[in-house]
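Readers should treat all values here as calculations from the given coordinates under stated rules, not as data from a laboratory. Being a predicted model, the structure only gives us computed values, none of them experimental. Heads up, the Cβs are rebuilt from the backbone with ideal geometry, glycines too, and the neighbour counts pull from every protein chain shown.
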Amino acid sequence: MSENSLNLLLPRVARQDRAAFREVYGQSAAKLVGVLTRMLRDRTEVEDALQDVYIRVWQRAAQFDGARGEGMGWLVAIARNVALDRLRARPGARGFTHVTAAGGAPDDDPVARLPAQGPDAEGQLMAQGEARRVVDCFGELEPDRAAAVRGAYLQGLSYHDLAARHAVPLNTMRTWLRRSLLRLKECLER
């Protein structure tokens, strides 16, 4: 994926070009899932948020200005805003702390105003156990499949990037990822 391709596709999406929209989705979904996952940490909510992101992209593509920045940056900003809206809407999130910058003015970063949600000792132990299970399940995948899943969902690489990296056709990469995710799910459910 090149930034230029997104910069060229988004104006077409603004003209309601469905084929361009599908290409934007194909080139950006993995990266946006990574952004949303890091912020929301809940797979179901990430899926819902991703849908919201692409609804906004479809509705607001005319606002994209390639002279002001790259297409992926614009998409990531939309994803971040959707995630922040969802974090604010969570029960108990009303008590944002008011953080001030060194000069005493309110900090403009809304993430800085989110309440700290660190796990307690029991939660940390449970998280470590889950992390070990995930690592063990990744160990059951073929090395190239595991690397592809990590690339897509932890590094935000597109299907195109992964197919080129592993020297396989695009549809083969999609199959690898789909089957690998199913195997990971089965492993984690055991």
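Can you tell me how much longer the chain between Glu140 and Asn171 gets when fully stretched, taken as 0.36 nm per residue apart minus their C-alpha distance, in nm with one decimal? Kindly include the intermediate steps, with their values, before the conclusion.
Details: separation 31, 0.36 × 31 = 11.16 nm, distance 2.25 nm.
So the chain would gain 8.9 nm between Glu140 and Asn171.
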Simple SL model, points at 7 angstrom along Cα→Cβ for Asp42 and Asn4; separation in nm is 4.3
Point-to-point label distance, Arg56-Glu186, nm (Cα→Cβ direction, 7 Å offset): 3.7
Each label sits 7 Å from Cα toward the beta-carbon; between Arg68 and Gln16 the label points are separated, in nm, by 2.4
FRET efficiency, Ala89 to Ala131 (Cβ-Cβ, R0 30 Å, nearest 0.05): 0.60
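Which translational diffusion coefficient, to the nearest whole µm²/s, is obtained for segment 1-56 from the Stokes-Einstein equation, given a Kirkwood hydrodynamic radius over C-alpha pairs, 10 °C and 1.306 mPa s? Before the final figure, lay out the partial values.
Numbers: Rh = 11.9 Å.
Value of D from the Cα-based Kirkwood radius: 134 µm²/s.
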Which order do the peptides 77-90, 133-146 come out in when sorted by mean C-beta neighbours inside 10 angstrom, highest first? 77-90, 133-146
